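For reference, the structure discussed in these notes is given below.
The values are calculated or read from the model by the stated rules, or taken from the named source; none is laboratory data. Since this is a predicted model, take the numbers as computed values, not measurements. Here the Cβ is made from the backbone with ideal geometry for all residues, glycine too, and neighbour counts use every protein chain on show. Quick note on the areas: whole protein, heavy atoms, side chains included, nothing else; ligands and nucleic acids left out. Shrake-Rupley method; radii C 1.70, N 1.55, O 1.52, S 1.80 Å.
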Amino acid sequence: MAQERTGVATLKGSPLTLLGPELKKGDKAPDFRLNKSLVDSVTLADFAGKVKLISVVPSIDTGVC
């Protein structure tokens, strides 16, 4: 079961629960799964041996953006 962290982020003023440990500079990224598109996903392991730059943005088709 993933570690739950509460009180570290909010969305529109409402607290969110984040899953997983807090990462600090220099920590190795744990494997993860991300949506590449509506039907495809990728994991960190899919890019083994390659230089990775990870940039994450919220969905731009919502009222938040």
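Observations, loosely collected:
- Flag for residue 55 being without any contact (Cβ under 8 Å) to a residue 60 or more places away in the chain, open to solvent by 90 Å² or more (accessible area, probe 1.4 Å), part of a loop (DSSP other than H, G, I, E, B) and polar (S, T, N, Q): yes
- Subset of segment 24-42 that is under 15 Å from the mean Cα position of the chain (by Cα) and of a type in the set (Lys, Arg) - its residue that is least open to solvent (accessible area, probe 1.4 Å): 24
- Top-ranked residue in segment 12-23 [being open to solvent by less than 80 Å² (accessible area, probe 1.4 Å) and outside any loop (DSSP other than H, G, I, E, B); ranked as nearest to residue 33 (Cα to Cα)]: 18
- Of all residues in segment 1-47, those satisfying the criterion of being touching a Ser or Thr at 6+ places or on another chain (Cβ under 6 Å) and among the β-branched types (Val, Ile, Thr) are 6, 17.
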